[in-house]
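Asks: Provided herewith is a single structure, encoded as structure tokens, for subsequent inquiry.
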Amino acid sequence: MSIFIDSMKFYLAIAAFTLLAWQTHAQKITISGKVVDKETREPLTFATVGINGKSIGTITNLQGEFDFHIPQEYRNEILLISMLGYQSYESPVWSISGNGQVIFELSKSTTILNEVIVRDSLSGGDILRIALNRIEQNFPMSPFMLEGFYRDVKKVANTNISLLEAAVKIYDEDYREPRNKFKLRERVRLLEVRKSIGYESKFTTYFDQDNLLEDLLLHNNIRYRQIEAREEMYNAMLREPDSYYNGHEIYVISHTQDYLLKIFVNKQDYSIIHLEFEIGSSNELVGRKKNLVSRFAGLKKTIDFRPVNGKMYLSFMSITSKVTWHDIKTNELKFETELFQQLLVNEIKANTHERIGATERMRNYGLQYQDQPYNKEFWDNYNVIKDTPLDKKVLEDLEKAGPLQKQFRGEQ
């Protein structure tokens, strides 16, 4: 009998140890921090936060803050924080985790401090031509999967009326030039969706009812080759002072006629790492609703790419688009609508065998109609873009209809 009891104790001890080991492995480390300019103490917005040599990451918010959830197995890896024009920050994860909010100070690169003058003979057009010609060399040409966080906020007359967030997987075959530059090539699977009840508001009818995430992905000018490869375009590109990113010198080129296009290109391999685009209002009619017509009022876009295994992958996208609504008879301005969209890629799986089947992929209608029961536990440990004081205004507007957590659960 004693032998049997001893054996049972032994196996129970082994089981307990195995469970403890599994729990430790399954747990995540959370690093909370704020990234600032070392001299001015100003927050650094949309700085890239990741693990050196690994495919996971996040970004800082408008106040330079972030919460980064990483697997326990990365405890002995190196945290890497990068920002255009600054020297990167590196430190072991174990030395930072568990310390509350950590202030990370980034120093401007010597390239920026010394205002290095352009010395080579390459023009802005030359750099753009080479960068576009090397897209298939610098970007993935084998299947890959992105795991990310999508958010859109709709605003009417300066009041936020709705919020939708989704955890997604995005699959693509490669970065070959598509025949149709306005047809989505990626396959997207929705993991989780949560939304405010404002999405049921009558005012949401003043926005496109299409799949807004699909529209956002189609704004990837590099993936869909939407930058004109023409001599007129090359001749219009200006060469600006060089910059610095993640240990490399960067070319900066821009187009300023009719719209602003700024592109940051790695000097070593001519890979595109950052793109900014902005265009103002026009009289172009874009829609009609009852006795109102809408006109395009401007768009601002940012796209970031980051390297994994020697190739550049989408890392972050942000678009703000505005439309004004006018009386169809008098042309009197009634109100303005604004759509703010973000996509944060928090994990990149290169050369993947994983696929998204036809039955798994999201449909091409609005995400608000593809939502699932709210899963709070999932969102508590998912890498999202951390809330900012600006988001508190969004929260204040949205919670006029009740607490947001209740709205996510479909309660009022």
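Computed from the coordinates by the stated procedures, all read-outs in this text should not be read as laboratory data. Only a predicted model underlies this, so the values are computations on that prediction, with no experimental measurement involved. Don't worry about glycine lacking a Cβ; one is built from the backbone with ideal geometry, like all the others, and counts go over all protein chains shown.
Asks: Provide the packing ranking of 58-66, 300-308, i.e. peptides ordered by the mean count of other C-beta atoms within 10 Å per residue, highest first.
Replies: Top to bottom by mean Cβ count within 10 Å: 58-66, 300-308.
Asks: Can you show me the helix-derived [θ] at 222 nm for the chain, built from DSSP H runs with n ≥ 4 at -39,500 (n - 2.57) apiece and divided by the number of residues, rounded to the nearest 500.
Replies: -5000 deg cm²/dmol
Asks: Asn76 versus Trp379, label points 7 Å from Cα toward the beta carbon: distance in nm?
Replies: 3.7 nm
Asks: What is the calculated FRET efficiency for Asp327 to Lys400, with r their C-beta to C-beta distance and R₀ = 25 Å, to the nearest 0.05?
Replies: Working: r = 27 Å, r/R0 = 1.09.
Efficiency, from the Cβ-Cβ distance: 0.35.
Asks: Write down Rg/Rh for the chain, rounded to two decimals, with Rg from the C-alpha atoms and Rh from the Kirkwood relation over Cα pairs.
Replies: In the chain, Rg relative to Rh is 1.01.
Asks: Hey, another quick one. Length gain on complete extension for the stretch Lys289 to Ala157, per 0.36 nm per residue less the alpha carbon to alpha carbon distance?
Replies: Gain on extension, Lys289 to Ala157, equals 45.9 nm.
Asks: For a quick protection proxy, order the peptides 276-282, 174-180, 82-88 by their average other-Cβ count within 10 Å, most packed first.
Replies: With the highest mean Cβ count within 10 Å placed first, the list reads 82-88, 276-282, 174-180.
Asks: Rounded to the nearest 0.05, what FRET efficiency do Gln370 and Glu278 give with R0 = 51 Å and r taken as the Cβ-Cβ distance? Could you check?
Replies: 0.95
Asks: For Lys267 and Asn99, FRET efficiency with R0 = 51 Å and r from the beta-carbon atoms, rounded to 0.05?
Replies: 0.90
Asks: Then there is this: Hey, any idea what the orientation-averaged projected area of the convex hull of segment 246-343's Cα atoms comes to, in nm²?
Replies: 7.9 nm²
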